[in-house]
1. Might you check whether a residue that is within 30 Å of A172 (Cβ to Cβ) and either assigned to a loop (DSSP other than H, G, I, E, B) or in contact with a helix residue (DSSP H, G or I) (Cβ under 9 Å, 6 or more places away or on another chain) (or both) occurs anywhere in region 98-112?
2. Going residue by residue through region 89-97, is there one that turns out to be surrounded by 18 or more Cβ atoms within 10 Å (Cβ to Cβ) and in contact (Cβ under 8 Å) with a residue 12 or more places away in the chain?
3. Residue by residue through region 167-224, note down the ones that are buried (at least 18 other Cβ atoms within 10 Å of the Cβ), small (G, A, S) and more than 26 Å from Q88 (Cα to Cα).
4. So L71 fits all but one of (1) under 23 Å from E188 (Cα atoms); (2) among the hydrophobic types (A, V, I, L, M, F, W, C); (3) at pLDDT below 95; what number is the exception?
5. For region 54-66, indicate whether the set of residues that are modelled with pLDDT under 95, of a type in the set (A, V, I, L, M), closer than 21 Å to Y87 by Cα and surrounded by fewer than 20 Cβ atoms within 10 Å (Cβ to Cβ) is non-empty.
6. Conditions first: (1) of a type outside the set (G, A, S); (2) farther than 22 Å from G63 by Cα; (3) in contact (Cβ under 8 Å) with a residue 24 or more places away in the chain. T113 passes all but one, so which condition is the exception?
7. From R147, R138, R127, which residue is touching a Leu at 6+ places or on another chain (Cβ under 7 Å) and open to solvent by 30 Å² or more (accessible area, probe 1.4 Å)?
8. Do we find that A115 is exposed (fewer than 15 other Cβ atoms within 10 Å of the Cβ) and out of contact with any Gly (no Cβ under 9 Å at 6 or more places or on another chain) in this structure?
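The values are calculated or read from the model by the stated rules, or taken from the named source; none is laboratory data. Computed from a predicted structure; not experimentally measured. A quick note on method: Cβ atoms are made from the backbone with ideal geometry, for glycine too, and the neighbour counts reach across all protein chains shown. Just the protein is used for accessible areas: all its heavy atoms, side chains included, with ligands, DNA and RNA removed. Shrake-Rupley method; radii C 1.70, N 1.55, O 1.52, S 1.80 Å.
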Amino acid sequence: MPPETPIVSQIAQTHLQLFRQMRSKGYSAAELAMVAGAYRTATALFANRFRPCGRPFVAHLVGTSAILVWLQAPIAMVIAALSHAAYQEGDFANSLEGMTPRKRKKLRALIGTDAEELVAAYTVSSRSLTGITASYARFHQMSPLERDILLIQLANELDDYRELASNHAANADERIAVIRQCGPQQAEMAEWLGHPELAQALRETYAESIAAFVPKPLQSEFAYGYEIVPESCQVRYNILVRRLAVKIRNRMRRHLGLG
């Protein structure tokens, strides 16, 4: 198995490494303080969440944010990356699934309006194979905001495959098939965004993932993010019922072609 690429190995995975990386890239003390606050928010929202490979979700958020620091992205994007999955995976107490006005108001107060608007736009964007292909096809018609969201998406993908993370998921074959099909397009879009170093990191990381073999005993039983909830923590019954009702409603709307 080839060793981890030097490019990816230099990208932070802990908040302490992230702070050091920010200082080395010239971010101000005020910006570091903002990221420290965003990190505390992330630890609260993702305290019991894990990526399918078993890695703590917070480590993935820090890794995604660190990639944007490495690329010297604006501070709002760095902060948004620390909460980019908040509306999909974050634990908002006694709330409904998905992005809601109540959640947006709370997150906006915690990380700021600019960063929250990026998180909201990221939430409604598509990171599926179809979505990536569509982005590639219309890249040159994208707005500046859409290109910012695409950059966060690419950072997310790079961190999600680093250290063979996706190879350790239960659906590793499916994940590898995706990068076989659209990995070159992702790297090309990174170049179009003006980040050849990101393009190279994507190519190296994806090539390593495609070539690697991870024994079954080392693979997770989970295909997607999961949670471990302490026995002392329980969701109220009425919220569980409402969540189920929302799921049924959404599935019925999709079945009827109502969106």
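1. Yes, the conditions are met somewhere in region 98-112.
2. Step one: filter region 89-97 for residues surrounded by 18 or more Cβ atoms within 10 Å (Cβ to Cβ), giving 89-90.
Restricting the remaining residues to those that are in contact (Cβ under 8 Å) with a residue 12 or more places away in the chain gives 89-90.
Checked against the condition, which is being surrounded by 18 or more Cβ atoms within 10 Å (Cβ to Cβ) and in contact (Cβ under 8 Å) with a residue 12 or more places away in the chain, region 89-97 yields at least one hit.
3. Once the filter is applied, which keeps residues that are buried (at least 18 other Cβ atoms within 10 Å of the Cβ), small (G, A, S) and more than 26 Å from Q88 (Cα to Cα), region 167-224 yields A199, A201.
4. (3)
5. No, that holds for no residue.
6. Failed condition: (3).
7. On the way: R138 fails: touching a Leu at 6+ places or on another chain (Cβ under 7 Å); R127 fails: touching a Leu at 6+ places or on another chain (Cβ under 7 Å).
None of the others qualify; the one that does is R147.
8. no
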